[in-house]
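*Asks:* Handing you this structure, nothing more for now.
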Amino acid sequence: MGINTYEVMYIQARDNYPYNVDECIEKLQYVIAADDEHAGAHCLMGQIYDEQLNDYKQAEYYYRMALYLDKEYTTTYYYYINLLINHNRLDEALRVIDIGLTVQGIDVATMYYYKGLLYEKYEMYRSATEYYTEAKKHCMNNYFMSQLDEQLKRVKDKKALLKKSVKKEGKKSRKKDSSN
(Lines give C-alpha, C1' and ligand atoms only; values in the text may rest on other atoms or scores of the structure.)
Protein backbone atom coordinates (compact mmCIF):
# COMPACT_ATOMS: atom_id res chain seq x y z
CA MET A 1 0.00 0.00 0.00
CA GLY A 2 1.38 3.39 -0.97
CA ILE A 3 1.21 6.76 0.66
CA ASN A 4 -2.11 8.45 -0.05
CA THR A 5 -2.49 11.90 -1.57
CA TYR A 6 -3.34 13.50 1.78
CA GLU A 7 -0.14 12.21 3.36
CA VAL A 8 1.87 13.61 0.44
CA MET A 9 0.14 16.98 0.85
CA TYR A 10 0.82 16.91 4.59
CA ILE A 11 4.51 16.20 3.93
CA GLN A 12 4.59 19.10 1.46
CA ALA A 13 2.92 21.35 4.04
CA ARG A 14 5.51 20.35 6.63
CA ASP A 15 8.30 21.02 4.16
CA ASN A 16 6.90 24.50 3.46
CA TYR A 17 6.74 25.47 7.12
CA PRO A 18 7.94 28.07 8.17
CA TYR A 19 9.42 29.28 4.88
CA ASN A 20 6.25 29.42 2.81
CA VAL A 21 3.38 29.70 5.28
CA ASP A 22 0.75 30.51 2.61
CA GLU A 23 1.49 27.30 0.73
CA CYS A 24 1.62 25.36 3.98
CA ILE A 25 -1.79 26.61 5.11
CA GLU A 26 -3.33 25.88 1.72
CA LYS A 27 -2.12 22.29 1.80
CA LEU A 28 -3.16 21.81 5.43
CA GLN A 29 -6.65 23.11 4.71
CA TYR A 30 -6.92 20.60 1.88
CA VAL A 31 -5.69 17.74 4.10
CA ILE A 32 -8.01 18.63 6.99
CA ALA A 33 -10.99 19.06 4.64
CA ALA A 34 -10.35 15.65 3.10
CA ASP A 35 -9.25 13.84 6.28
CA ASP A 36 -10.43 15.67 9.39
CA GLU A 37 -8.80 13.00 11.57
CA HIS A 38 -5.23 13.73 10.50
CA ALA A 39 -3.46 14.47 13.81
CA GLY A 40 -0.30 15.75 12.16
CA ALA A 41 -2.20 18.30 10.09
CA HIS A 42 -4.02 19.56 13.18
CA CYS A 43 -0.77 19.81 15.12
CA LEU A 44 0.95 21.77 12.35
CA MET A 45 -2.06 24.07 12.02
CA GLY A 46 -1.82 24.66 15.78
CA GLN A 47 1.83 25.50 15.37
CA ILE A 48 0.99 28.07 12.69
CA TYR A 49 -1.66 29.70 14.89
CA ASP A 50 0.76 29.67 17.82
CA GLU A 51 3.97 30.84 16.17
CA GLN A 52 2.82 32.89 13.19
CA LEU A 53 -0.57 34.32 14.08
CA ASN A 54 -0.27 34.53 17.88
CA ASP A 55 -3.81 33.19 18.15
CA TYR A 56 -3.33 31.01 21.19
CA LYS A 57 -6.97 29.96 21.51
CA GLN A 58 -6.99 28.58 17.96
CA ALA A 59 -3.58 27.01 18.50
CA GLU A 60 -4.85 25.28 21.63
CA TYR A 61 -7.93 24.08 19.74
CA TYR A 62 -5.76 22.43 17.08
CA TYR A 63 -3.34 20.94 19.61
CA ARG A 64 -6.21 19.49 21.64
CA MET A 65 -7.80 18.16 18.47
CA ALA A 66 -4.53 16.48 17.46
CA LEU A 67 -4.27 14.81 20.88
CA TYR A 68 -7.91 13.77 20.75
CA LEU A 69 -7.37 12.18 17.34
CA ASP A 70 -4.10 10.47 18.23
CA LYS A 71 -2.85 10.42 21.81
CA GLU A 72 0.40 8.89 20.60
CA TYR A 73 1.32 11.64 18.14
CA THR A 74 4.27 12.77 20.23
CA THR A 75 5.00 16.04 18.40
CA THR A 76 1.79 17.57 19.69
CA TYR A 77 2.83 17.14 23.31
CA TYR A 78 5.94 19.28 22.89
CA TYR A 79 4.16 22.21 21.24
CA TYR A 80 1.09 22.08 23.45
CA ILE A 81 3.13 21.93 26.67
CA ASN A 82 5.23 24.85 25.49
CA LEU A 83 2.07 26.89 24.80
CA LEU A 84 0.65 26.10 28.25
CA ILE A 85 3.89 27.00 30.05
CA ASN A 86 4.25 30.25 28.09
CA HIS A 87 0.75 31.24 29.18
CA ASN A 88 1.35 30.31 32.84
CA ARG A 89 -1.15 27.48 32.76
CA LEU A 90 1.27 25.43 34.77
CA ASP A 91 -1.12 22.95 36.37
CA GLU A 92 -2.49 22.00 32.95
CA ALA A 93 1.02 21.75 31.55
CA LEU A 94 2.03 19.41 34.37
CA ARG A 95 -0.94 17.13 33.62
CA VAL A 96 -0.07 17.03 29.91
CA ILE A 97 3.59 16.29 30.72
CA ASP A 98 2.60 13.42 33.01
CA ILE A 99 0.34 11.98 30.31
CA GLY A 100 3.06 12.47 27.72
CA LEU A 101 5.56 10.54 29.82
CA THR A 102 3.31 7.47 29.44
CA VAL A 103 3.32 7.66 25.64
CA GLN A 104 5.57 5.19 23.90
CA GLY A 105 8.20 6.90 21.76
CA ILE A 106 8.08 10.25 23.58
CA ASP A 107 11.41 11.98 24.12
CA VAL A 108 11.70 11.55 27.89
CA ALA A 109 14.55 14.05 28.13
CA THR A 110 12.38 16.74 26.54
CA MET A 111 9.51 15.98 28.88
CA TYR A 112 11.77 16.29 31.93
CA TYR A 113 13.15 19.50 30.46
CA TYR A 114 9.59 20.87 30.33
CA LYS A 115 9.01 19.75 33.91
CA GLY A 116 12.16 21.61 34.92
CA LEU A 117 11.00 24.70 33.05
CA LEU A 118 7.62 24.48 34.72
CA TYR A 119 9.11 24.28 38.21
CA GLU A 120 11.48 27.10 37.37
CA LYS A 121 8.41 29.22 36.55
CA TYR A 122 6.95 28.19 39.93
CA GLU A 123 10.26 29.46 41.40
CA MET A 124 10.84 26.02 42.87
CA TYR A 125 14.49 25.95 41.90
CA ARG A 126 15.49 22.76 43.69
CA SER A 127 12.81 20.79 41.82
CA ALA A 128 13.72 22.51 38.56
CA THR A 129 17.35 21.47 39.05
CA GLU A 130 16.30 17.89 39.74
CA TYR A 131 14.22 17.69 36.56
CA TYR A 132 16.90 19.32 34.39
CA THR A 133 19.39 16.81 35.80
CA GLU A 134 16.96 13.96 35.09
CA ALA A 135 16.59 15.27 31.54
CA LYS A 136 20.38 15.11 31.15
CA LYS A 137 20.32 11.44 32.19
CA HIS A 138 17.92 10.66 29.35
CA CYS A 139 19.53 12.99 26.81
CA MET A 140 20.92 11.46 23.63
CA ASN A 141 21.99 14.67 21.90
CA ASN A 142 25.08 16.77 22.63
CA TYR A 143 23.42 20.04 21.61
CA PHE A 144 20.47 19.41 23.92
CA MET A 145 22.89 18.38 26.68
CA SER A 146 24.65 21.75 26.46
CA GLN A 147 21.26 23.51 26.50
CA LEU A 148 20.43 21.67 29.71
CA ASP A 149 23.74 22.81 31.19
CA GLU A 150 22.68 26.39 30.40
CA GLN A 151 19.30 25.80 32.08
CA LEU A 152 21.04 24.52 35.20
CA LYS A 153 23.38 27.52 35.24
CA ARG A 154 20.43 29.90 34.93
CA VAL A 155 18.62 28.21 37.83
CA LYS A 156 21.79 28.40 39.94
CA ASP A 157 22.03 32.12 39.18
CA LYS A 158 18.39 32.61 40.12
CA LYS A 159 18.95 30.79 43.41
CA ALA A 160 21.87 33.14 44.18
CA LEU A 161 19.71 36.18 43.36
CA LEU A 162 16.98 34.90 45.62
CA LYS A 163 19.45 34.41 48.49
CA LYS A 164 20.77 37.96 48.03
CA SER A 165 17.30 39.48 48.02
CA VAL A 166 16.30 37.50 51.12
CA LYS A 167 19.44 38.74 52.93
CA LYS A 168 18.72 42.35 51.90
CA GLU A 169 15.13 42.07 53.11
CA GLY A 170 16.36 40.65 56.40
CA LYS A 171 18.80 43.54 56.89
CA LYS A 172 16.12 46.13 56.05
CA SER A 173 13.63 44.65 58.51
CA ARG A 174 16.29 44.57 61.28
CA LYS A 175 17.12 48.23 60.66
CA LYS A 176 13.43 49.12 60.91
CA ASP A 177 13.11 47.16 64.16
CA SER A 178 16.15 48.84 65.70
CA SER A 179 14.97 52.35 64.70
CA ASN A 180 11.54 51.78 66.28
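*Asks:* Does region 79-97 contain at least one residue that is closer than 28 Å to A13 by Cα and among the charged types (D, E, K, R)? Walk me through it before giving the result.
*Replies:* Within region 79-97, the first condition is being closer than 28 Å to A13 by Cα, and the residues that meet it are 79-87, 93, 96-97.
Next cut, among the charged types (D, E, K, R) only: none.
No, there is no match, as no residue in region 79-97 is closer than 28 Å to A13 by Cα and among the charged types (D, E, K, R).
*Asks:* Out of Y114, Y68, report the one residue that is hydroxyl-bearing (S, T, Y), under 27 Å from M45 (Cα atoms), touching a residue at least 12 places away in the same chain (Cβ under 8 Å) and assigned to a helix (DSSP H, G or I).
*Replies:* On the way: Y68 fails: touching a residue at least 12 places away in the same chain (Cβ under 8 Å).
Unique residue meeting the criteria: Y114.
*Asks:* What is the residue count in region 164-177 for residues that are modelled with pLDDT under 80 and either under 31 Å from the mean Cα position of the chain (by Cα) or open to solvent by less than 80 Å² (accessible area, probe 1.4 Å) (or both)? Can you show your working first?
*Replies:* First, pick out the residues of region 164-177 that are modelled with pLDDT under 80: 167-177.
Retained after the next criterion (residues that are either under 31 Å from the mean Cα position of the chain (by Cα) or open to solvent by less than 80 Å² (accessible area, probe 1.4 Å) (or both)): 170, 173.
Total satisfying the criteria: 2.
*Asks:* Same structure, new question: Going residue by residue through region 70-83, is there one that turns out to be surrounded by fewer than 21 Cβ atoms within 10 Å (Cβ to Cβ) and closer than 15 Å to I32 by Cβ?
*Replies:* For region 70-83, residues surrounded by fewer than 21 Cβ atoms within 10 Å (Cβ to Cβ) and closer than 15 Å to I32 by Cβ: present.
*Asks:* If you don't mind, another one. Which members of region 1-22 meet the condition of being closer than 19 Å to Q52 by Cα, part of a helix (DSSP H, G or I) and open to solvent by less than 60 Å² (accessible area, probe 1.4 Å)?
*Replies:* Listed by number, the residues that qualify are Y10, A13, N16, V21.
*Asks:* Restricted to region 131-163, and to residues that are of a type in the set (D, E) and under 20 Å from the mean Cα position of the chain (by Cα), which residue is surrounded by the fewest Cβ atoms within 10 Å (Cβ to Cβ)?
*Replies:* The first filter runs over region 131-163 and keeps only residues of a type in the set (D, E), leaving 134, 149-150, 157.
Okay, now just the ones that are also under 20 Å from the mean Cα position of the chain (by Cα), so 134, 149-150.
Numbers: E134: 18, D149: 12, E150: 10.
Taking the candidates together, the pick is E150.
*Asks:* Looking for whichever is at pLDDT 95 or above, farther than 23 Å from N16 by Cα and surrounded by fewer than 15 Cβ atoms within 10 Å (Cβ to Cβ) here; the options are D98, D107, D55. Which one fits?
*Replies:* Result: D98 is the single residue among D98, D107, D55 that is at pLDDT 95 or above, farther than 23 Å from N16 by Cα and surrounded by fewer than 15 Cβ atoms within 10 Å (Cβ to Cβ).
*Asks:* Tally up the residues in region 117-139 that are assigned to a loop (DSSP other than H, G, I, E, B), among the charged types (D, E, K, R) and modelled with pLDDT of 95 or more, please.
*Replies:* Residues of region 117-139 that are assigned to a loop (DSSP other than H, G, I, E, B), as a first pass: 122-124, 139.
Checking the rest, the ones that are also among the charged types (D, E, K, R) come to 123.
After this cut, where a residue has to be modelled with pLDDT of 95 or more as well, the list is none.
Total meeting the criteria: 0.
*Asks:* Kindly provide the set of residues from region 1-21 that are more than 25 Å from the chain's Cα centre (by Cα) and either of a type outside the set (S, T, N, Q) or closer than 20 Å to A59 by Cβ (or both), ordered by number.
*Replies:* First, the residues of region 1-21 that are more than 25 Å from the chain's Cα centre (by Cα): 1-9.
Within region 1-21, M1, G2, I3, Y6, E7, V8, M9 meet the criteria.
The values are calculated or read from the model by the stated rules, or taken from the named source; none is laboratory data. Every value quoted in this text rests on a predicted model; they were computed, and no experiment measured them. Note that each Cβ is placed from the backbone with ideal geometry, even for glycine, and that neighbours are counted across all protein chains shown. In case anyone asks, the SASA skips ligands and DNA or RNA and just uses the protein heavy atoms, side chains included. Shrake-Rupley method; radii C 1.70, N 1.55, O 1.52, S 1.80 Å.
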